[in-house]
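Here the structure comes first, spelled out in structure tokens, and everything after it is commentary.
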Amino acid sequence: MAAFIKPSSGAKTTRRSFSPVAEINVTPLVDVMLVLLVIFIITAPLLTTGVNVNLPQTSRAKSLPQDNKGLTLYVEKDGTFTLNSEKITLDQLRPRLTTVRESNPDVRIYVKGDADVAYGLMMQAMAEVSGAGITQVAFVTDPPKKSLRSPR
């Protein structure tokens, strides 16, 4: 780090006496902060993860407001269950949801079931969710794709 020393005013001598100037150069600080901002802007979208399921399409379903309190239960077409990002079995689902409900009684469960999942498997998952005492359950669907033909 360099310092600038300016000559002091006062008595004229053959040798000048110097005093330090206390100024902060903020340009390097701004440069570092801008680089960090760009890094966070680029990496933030890459941190979201999920399970790839083919959601069924419905036209009458309304969108629910999103909040960060909800859990997501994925029911995949091969019969496996994923709670948020952790694979679990059907036997592990009820105890896990019971402990979550005890810590947060207002917890919401969003069920994302693949369109090819058997109806019985979805009902088993719903029985485990309701058996854990969770009443705020919502199924997640995709809106229907618009066709080029107009409806009659």
Looking only at region 98-131, which residues are under 15 Å from GLY79 (Cβ atoms), hydrophobic (A, V, I, L, M, F, W, C) and within 22 Å of the chain's Cα centre (by Cα)?
VAL111
If you scan region 1-18, which residues turn out to be part of a strand (DSSP E or B) and either at pLDDT below 65 or surrounded by fewer than 10 Cβ atoms within 10 Å (Cβ to Cβ) (or both)?
ILE5, LYS6, PRO7
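The values are calculated or read from the model by the stated rules, or taken from the named source; none is laboratory data. Computed from a predicted model, the values in this text were never measured in an experiment. Don't worry about glycine lacking a Cβ; one is built from the backbone with ideal geometry, like all the others, and counts go over all protein chains shown.
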